[in-house]
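Below you'll find the structure, written out as structure tokens, and then a few comments.
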Amino acid sequence: MTKAITNSYNFFSEYRMVLATFLFLVCILTAVFYAFNLYKVIAGTVALDALNNQVLALSLEVDDLDSRFLKLSGEITPDELADYGLVSGKVSQYISRTASLSRVAMGGHEL
């Protein structure tokens, strides 16, 4: 029994430095993995915050343009439209609501 204890003690004492180095490397790799994942989370949070700021800026600009459009469109009158050449259209031919399809086709207004 004493020989078995001595053999196991000798085995661990011989490889103690190897085991300690192995455990130290495992700890270092775990710390690097943790730091990498922490960096990914922080980078993702910063990117999401920047994206939210861009969306907010675009939304404010669209709202500003929309309010300017509504303000300008409220100031347009038919007289101003006529100055730019926009006039009411004239009806050249009138199609009766009660006309049959054959009459409409004969008049050149095919459906």
### Message
As an exercise, find the ratio Rg/Rh for segment 26-82 from alpha-carbon atoms, using the Kirkwood inverse-distance average for Rh.
### Response
1.59
### Contour excess over end-to-end distance, with Cα ends at Leu86 and Leu65 and 0.36 nm allotted per residue
5.1 nm
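Taken together, the values in this text are just the output of simple stated rules run on the coordinates, not laboratory data. Keep in mind the model is a prediction, meaning the values are calculated, not measured.
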